[in-house]
Amino acid sequence: MIKTLKQLIHVLWAIEKDLRVIASNTEALSDRKNLTDSIKKTRIKMLADGSLDVGKAEVQAPYVTNAQFSSQRKNPSA
């Protein structure tokens, strides 16, 4: 009887832990969606008022091949 009760408590604790993880992930997904929506609204607003010039190329990180990345990791000063 006591062993069964201990097992039940262990299972319930594991379920609670899983539910906390699920709730945390759900909240993170919601936050990410809200951030994405906010960025889209800001871009639309900037396009409308002319403060975002789509004619200019946006600054992008240079393309780095796997070989270049590997050599940079081995010799960071290069």
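The values are calculated or read from the model by the stated rules, or taken from the named source; none is laboratory data. Because the structure is a prediction, the values reported are computed rather than measured. Neighbour counts are summed over all protein chains in view; Cβ atoms, including those assigned to glycine, are modelled from backbone coordinates with ideal geometry. Ligands, DNA and RNA are excluded from the accessible area calculation, which covers all protein heavy atoms including side chains. Shrake-Rupley method; radii C 1.70, N 1.55, O 1.52, S 1.80 Å.
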Given the whole protein assembly as supplied and a 1.4 Å probe, what does the accessible area of GLU16 come to in Å², nearest 10?
80 Å²
How long is the gain from MET1 to ARG32 if the chain were fully straight, where each residue apart is worth 0.36 nm and the alpha carbon distance is subtracted?
6.5 nm
Once you place label points 7 Å from the Cα toward the Cβ at LYS41 and LEU8, how far apart are they in nm?
4.9 nm
Summing +1 per Lys or Arg and -1 per Asp or Glu among the other residues with Cβ less than 14 Å from HIS10's Cβ gives +1
